[in-house]
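Heads up: the structure comes next, in structure tokens.
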Amino acid sequence: MRNSMIVLFIISSLYYVFFIAYIDEPLKMVFKLIPMILVLLIALLSNASNTKFYKLIVLIGLIFCAIGDYTLQWFIIGLTSFLIGHLFYIRAFLSTNEQKTPSAAKILLIIFGLVMAFFILSAIIQTGNYVLAIAVFCYIAVILTMGWTSFRTNSKFAIIGAFLFIISDSVLAINKFVIPVEFSHQLIMSTYYGAQIFIALSIVNYSAFKSKGVQ
């Protein structure tokens, strides 16, 4: 069942990413949410007998991100929902505490965060929307923290998922606030769906790692 869900996720996400032009406008949100519903089911069906807390917190994070998918049309509401989802991912990653974040990763994340904050916040502040600037600053800090803490899991799937999320949101922010990005829809959504499925698959990945550690 779970493997079938993964196949359906791949098909539905690729369809929305690359064939959105063929989807009727009223149905676009439905097709956008189908892959996330499948990701939720994949996470729910994942075997995590020795990591139930991790699974539960990741599931809650996925639910808030799915809500963010729908509410992003009201940007601040969607941004807040995604931010809450990331906080749950951070909590899940911190619960593992398998290893420390490498110094090189810390430095790269800090540098990347400062550069993104400078360009994006400068563009927003020029519009005079200080509330949005504060919200985006908080979001940047939280998503970079998620990338930082993903290393604590020692799960390659969690780390890949977190960094795909950072890439997706960075492209979205640049496209929305700084300059238009060519093929932005394809870049944003492919990395976004990739991030969510890798985070969902990290449930089994981390569970397997824990099992080896116990043995």
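Remarks
- (i) 0.93; (ii) 1.04; (iii) 0.97, with the label sought being that of the calculated Rg/Rh (Cα atoms, Kirkwood Rh): (iii)
- Inter-label distance, Ser49 to Arg2: 1.2 nm, where each label sits 7 Å from its Cα along the C-beta direction.
- For Thr71, the accessible area of its heavy atoms, probed at 1.4 Å with every protein chain present, is near 20 square angstrom.
- List Phe64, Phe18, ordered by accessible area with a 1.4 Å probe, largest first: Phe18, Phe64
- In a simple Cβ point-charge model (Lys, Arg +1; Asp, Glu -1; nothing else charged), the chain has a dipole of about 800 debye relative to its Cα centre.
- Positive-end extreme of charge dipole, the chain - chosen from Gly113, Pro180, Ser207 (charges on Cβ): Ser207
The values are calculated or read from the model by the stated rules, or taken from the named source; none is laboratory data. Please read all numbers here as calculations on a predicted model, not as lab measurements. Methodologically, a virtual Cβ is constructed for each residue, glycine included, from the backbone with ideal geometry; neighbour enumeration extends over all protein chains shown. Accessible surface is based on the protein model in full, side chains and every heavy atom, while ligands, DNA and RNA are left aside. Shrake-Rupley method; radii C 1.70, N 1.55, O 1.52, S 1.80 Å.
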